[in-house]
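Written out below as structure tokens is the structure these notes cover.
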Amino acid sequence: MAKSTQLNRRTRAAVELAQAENKSQYLAFVLGGEHFAMDIRAVKEVIQYGSLTEVPLMPDFLRGVINLRGAVVPVIDLSVRFGRPLTDIARRTCVVILEVGEAGHEIELGVIVDNVSEVLEIGPSEIEPAPSFGTTLRSEFIAGVGKVGERFVILLDVAHVLSIEEMAALDESANR
């Protein structure tokens with residue numbers, strides 16, 4: 001009983017500290033050996049990678065669609081979206097289901113990641129601006145770099161990475 005009370009006090013203290021520091025939560029994941037995170041408010045759920053239905057004549061980054069409780073959800077290979085090779089599917093490969101777009105015009109999209117690791121709480125004082133050089137990602141894809149203990153995690157700007165308009169434009173230019 002004493003141990004439970006002590007744990008509850010610690011948990012309460014951690015929650016109060018996070019609220020006092022105005023920390024935001026991020027879903028951390030690994031892609032191609034690099035550590036990334038995205039604002040958890042865009043995440044609807046994380047599912048194990050299953051079978052995809054490929055759709056002919058789609059851009060390379062669109063790996064296919066899945067049936068998610070009766071809804072057709074397009075699945076983006078985040079690695080290809082970043083200009084890298086296809087994600088190798090392994091035992092821990094996941095699909096993160098996101099809700100993207102503007103209010104009232106939101107759609108569900110899935111993104112393939114190597115694995116999901118944890119939920120991070122990062123405060124504004126622990127976030128550095130996106131580097132202007134030295135990264136293989138376009139700078140508008142990066143919301144910042146979070147300091148988590150002794151390591152860094154790249155915080156993605158989901159709105160830019162999964163911009164429906166930009167992905168449609170890429171598809172049009174590829175099909176010309």
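The values are calculated or read from the model by the stated rules, or taken from the named source; none is laboratory data. On a predicted model such as this, the values are computed, not experimentally measured, just so you know. When we count neighbours, we look across all protein chains shown, and the Cβ atoms used for this are built from the backbone with ideal geometry, even at glycine.
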(message) Looking at region 95-117, can you tell me whether even one residue there is modelled with pLDDT of 80 or more, surrounded by fewer than 19 Cβ atoms within 10 Å (Cβ to Cβ) and touching a Lys or Arg at 6+ places or on another chain (Cβ under 6 Å)?
(response) yes
(request) Answer with yes or no whether Val153 is modelled with pLDDT of 90 or more and touching a His at 6+ places or on another chain (Cβ under 6 Å). (result) yes
(request) Just one of (1) in contact with a helix residue (DSSP H, G or I) (Cβ under 9 Å, 6 or more places away or on another chain); (2) in a loop (DSSP other than H, G, I, E, B); (3) over 19 Å from Leu78 (Cβ atoms) trips up Ala130, so point out which. (result) (3)
(message) For region 1-60: of the residues being of a type in the set (Ser, Thr, Tyr) and modelled with pLDDT of 90 or more, which is nearest to the chain's Cα centre (by Cα)?
(response) Tyr26
(message) Condition first: assigned to a loop (DSSP other than H, G, I, E, B), over 14 Å from Asn115 (Cα atoms), of a type outside the set (A, V, I, L, M, F, W, C) and touching a residue at least 24 places away in the same chain (Cβ under 8 Å). Now tell me which residues in region 22-59 satisfy that.
(response) Asn22, Lys23, Pro59
(request) Give region 62-94 a look and list any residue that's among the β-branched types (Val, Ile, Thr) and either surrounded by fewer than 18 Cβ atoms within 10 Å (Cβ to Cβ) or touching a Phe, Trp or Tyr at 6+ places or on another chain (Cβ under 6 Å) (or both), or say none. (result) Val65, Val72, Ile76, Val80, Ile89, Thr93
